[in-house]
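Here's a structure for you.
The values are calculated or read from the model by the stated rules, or taken from the named source; none is laboratory data. Just so you know, these numbers come straight off a predicted model, no measurement behind them. Glycine gets a Cβ as well: all are built from the backbone with ideal geometry, and neighbour counts include every protein chain shown. Accessible surface areas use protein heavy atoms only, side chains included; no ligands, DNA or RNA. Shrake-Rupley method; radii C 1.70, N 1.55, O 1.52, S 1.80 Å.
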Amino acid sequence: MGSVLLFALGLLAQSFDLSWAVPEPEPSTLYLWRRAPAPGRVRRAWVIPPISVSENHKRLPYPLVQIKSDKQQLGSVIYSIQGPGVDEEPRNVFSIDKFTGRVYLNATLDREKTDRFRLRAFALDLGGSTLEEPTDLEIVVVDQNDNRPVFLQDVFRGHILEGSIPGTFVTRAEATDADDPETDNAALRFSILEQGSPEFFSIDEHTGEIRTVQVGLDREVVAVYNLTLQVADMSGDGLTATASAIISIDDINDNAPEFTKDEFFMEAAEAVSGVNVGRLEVEDRDLPGSPNWVARFTILEGDPDGQFKIYTDPKTNEGVLSVVKPLDYESREQYELRVSVQNEAPLQAAAPRARRGQTRVSVWVQDTNEAPVFPENPLRTSIAEGAPPGTSVATFSARDPDTQQLQRISYSKDYDPEDWLQVDGATGRIQTQRVLSPASPFLKDGWYRAIILALDNAMPPSTATGTLSIEILEVNDHAPALAPPPSGSLCSEPDQGPGLLLGATDEDLPPHGAPFHFQLNPRVPDLGRNWSLSQINVSHARLRLRHQVSEGLHRLSLLLQDSGEPPQQREQTLNVTVCRCGTDGTCLPGAAALRAGGVGVSLSALVIVLASTVVLLVLILLAALRTRFRGQPRDKSLLHGLQDDLRDNILNYDEQGGGEEDQDAYDISQLRHPVEPRTTSRSLGRPPLRRDAPFSYVPQPHRALPTSPSDIANFISDGLEAADSDPSVPPYDTALIYDYEGDGSVAGTLSSILSSLGDEDQDYDYLRDWGPRFARLADMYGHQ
């Protein structure tokens, strides 16, 4: 097996020839691949010791070692090395002479970057064939003390309470060294170079902990200590570095506050509050702004009514004496206060007591012109509603607290929005000067507010303001009344419909209003027999029929009474329309005219209106019947006399009928088929009839007008029957209705008369059948 000669710090191995590289000019030679001389010896691997070389070597290139193989003669073997420092980063640090096998160091080494290199050595013949198996070559970089220690901070800070005992921990200094920690090059030691006198602190040379070494730390003497620290390697004998340590002494309450004077003198004006009187100066050596310094003041005696208060000025730490309740010169002219002071934080037990922890404060009260005072303010009184002018309300007088000064007080109004009150300027007596309206916007929940002024005659004068609150007592001076409108409708059948709901109102306020009592007038006996009233709640009642009564308008006399004291009662007329109702309990459409009468129109007025309308209709019908009974020659002569202007003879009565949904009024089919040809014939001399007229129709003779009011009803009934059965006139069979015309139209639109056909396509011959008045139109527009 081969062997190698290694240059390595005087180490010798079996079958190796080792020598030092530094002292000798030539490196030692090692045969790495030499075979073992003993025959039959088992082959084994050799452990090659590492080659050591110092960092920062200056003589370059520097020979490290020479390797050789004994399989070939010198010059016939080619050597090479590979690995970090050769063909890997960092490159070109090492090299080898390929013919001699000498290994060289070509660059300065830095152990702090790379502390060892592991290379592989190769031996080849000239043809490139492997002569020996590759072997490892390790190069170790030997550390030198080329790095100073470094503190982790330039300034270390610590805090400690004043008065701390020896051995109290303050802070810790820390440092590092980049050199090999296994050598003395990185063995660090700490020390304090400077701290001033006396020396209160020490540092542990191994750990860097700073602690106190003696008592006597006093923040009021020295608040901050500055220390200069040092760290050295080589166990304190090598390279060094310095840093600072700033140690702050924290305050404790070891100084009690003290007043600067034994007594303070101040003056305060009477009748004012919330004003500052003076300041109490104190001294405290503790840290300003801290709880150990902030002063708290206490009034120990001399202020039984709590008229003074002392608060602390946060900037100056002075006590500010203020008046919190008005002083009265006439009652007391001087106050002697005893005041103490303490810190916000408790005083240390070992701290000395203050010499001036208490002081006296003398406060002299100054006499001033005080404003008059109303003994009762606000003053509350009451007065009846509607009180007449001159009614006494109250005497709102004030007193002058300045008893040692003779002054006169005068009174006046400051606020009286309704100008309702009159004030006696000398006595303060108040009375009304007119009647206050109950609807005044300045009455709030029954109260009226006024402001009265009291003015003294001092120089300058002082004014007092008093509030007068007057309760307006409600008087029951209004009777209840039915809520409008005082009318309604009921079904003629007692068991139909919900009845008529009646409500009442009262202008008076509680308790002179509801509950209301509803009653049928007992002076009208028929009311109780036909009608009934049942109370629903405090303000409503329900009116119902006891049995069936005639349809139409009924006027009921009701009595309404409130709950006031004394109660007020009103008799009021209620117009009730009784009508026929459907199954749902509401009046049928045909009864609309009767319901309209319930708005307050009397029965006699309604009869007169209806009679006038019927008479007018009858006259028109009679005129039309007379004309239709005339012969054709007379019709032509009549038309001849009317050819000047037929438009003046067309009558317009503004009669709209019952609407297209009123199927009971007339036959709607006449609107659907107005031009349908008639199949029936009529005899000569007979007036033209509607197409729906029966064959057996005989015209009715003229009826005489009623001669007395008692015949009006029969006349109206007969006239309506005649109009319903007369086919020669429009089918108006009911009183005119204007309030309802239906929701839709089952007949065709009137515009279809013109839109569907032109004038040339219309057949107007049927107009001849409508009578002589339309014959002229048929001649003008019909076929010739």
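Determine the gain in length on full extension of the stretch R91-D125; use 0.36 nm per residue of separation and subtract their C-alpha separation, reporting nm with one decimal.
9.7 nm
With a 1.4 Å probe and all protein chains kept in place, how much accessible area does T228 have, in Å² rounded to the nearest 10?
Taking all protein chains as shown, T228 has close to 50 Å².
Take the Cβ-Cβ distance between R399 and Q535 as r, set R0 to 51 Å, and report the resulting FRET efficiency rounded to the nearest 0.05.
So, using R0 = 51 Å, E works out to roughly 0.35.
Related question: Can you spot the lysines whose alpha carbon is less than 20 Å from K68's alpha carbon? Ignore those fewer than 8 places along the same chain.
Within the straight-line limit of under 20 Å, K68 reaches these lysines: K98.
Mind putting together the pair-distance distribution for segment 353-406? All Cα pairs, 5 Å bins, whole percent per bin, short to long.
Using 5 Å bins, I get a P(r) of 4, 12, 13, 11, 10, 9, 8, 8, 7, 6, 4, 3, 2, 2, 2, 1 for segment 353-406.
Using DSSP to call loops (not H, G, I, E or B), can you name the trypsin sites (Lys or Arg not before Pro) in segment 528-584 whose Cβ has at most 12 other Cβ atoms within 10 angstrom?
Qualifying residues, ordered by number: R546.
Go ahead and run the numbers for FRET between E344 and E199, Cβ-Cβ distance against an R0 of 35 Å, rounding to 0.05.
Working from the Cβ atoms, E equals 0.50.
Once you place label points 7 Å from the Cα toward the Cβ at N714 and V142, how far apart are they in nm?
With each label placed 7 Å out from Cα toward Cβ, I get 16.4 nm.
Further question: How would I139, I78 rank on accessible area, largest to smallest, probe 1.4 Å?
The residues order as I78, I139, largest area first.
How large is the accessible surface of K325 in square angstrom, using a 1.4 angstrom probe and rounding to the nearest 10?
100 Å²
Which part of segment 237-271 falls in the paramagnetic zone of E283, meaning amide N under 20 Å from the point 7 Å along Cα-to-beta-carbon?
Under cut-off, by backbone N: 252-265.
Also, I was wondering about something else. Skip the ligands, DNA and RNA, and give the accessible area per residue of segment 115-217 with a 1.4 Å probe, whole Å².
55 Å²
Please arrange M234, M459, M780, M266 by accessible surface area, largest first, computed with a 1.4 Å probe and ligands excluded.
The residues order as M459, M780, M234, M266, largest area first.
Right, next: How large is the Kirkwood hydrodynamic radius of segment 345-494, in angstrom, based on all distinct alpha carbon pairs?
This gives a value of 20.4 Å.
Pop a pseudo-label 7 angstrom from the Cα along the beta-carbon direction at both E330 and V224 and give the gap in nm to one decimal.
Taking the two extended label points, one gets 6.3 nm.
Under a Cβ-Cβ cut-off of 9 Å, what is the net charge of the residues other than S290 that fall near it, where Lys and Arg count +1 and Asp and Glu count -1?
Around S290, the charge tally is -3.
Roughly how many Å² of S557 are accessible to a 1.4 Å probe, to the nearest 10?
Near enough 20 Å² of accessible area.
How many nm separate the modelled label positions at W770 and A458, each set 7 Å beyond the Cα in the direction of the Cβ?
It is 10.4 nm.
Are any of the pairs K71/K113; K325/K444; K261/K325 more than 30 Å apart by Cα-Cα distance, and if so, which? Write down the numbers at each step before the final one.
Values: K71/K113 39 Å; K325/K444 34 Å; K261/K325 26 Å.
Over 30 Å apart, Cα to Cα: K71/K113; K325/K444.
For K315 and S557 in the same chain, what is the full-extension length gain: residue separation times 0.36 nm, less their Cα-Cα distance, in nm?
Values: separation 242, 0.36 × 242 = 87.12 nm, distance 8.76 nm.
That works out to 78.4 nm of additional length.
Right, something else. In the neighborhood of E318, defined by Cβ-to-Cβ distances under 11 Å, what is the net charge if each Lys or Arg adds +1 and each Asp or Glu adds -1?
-1
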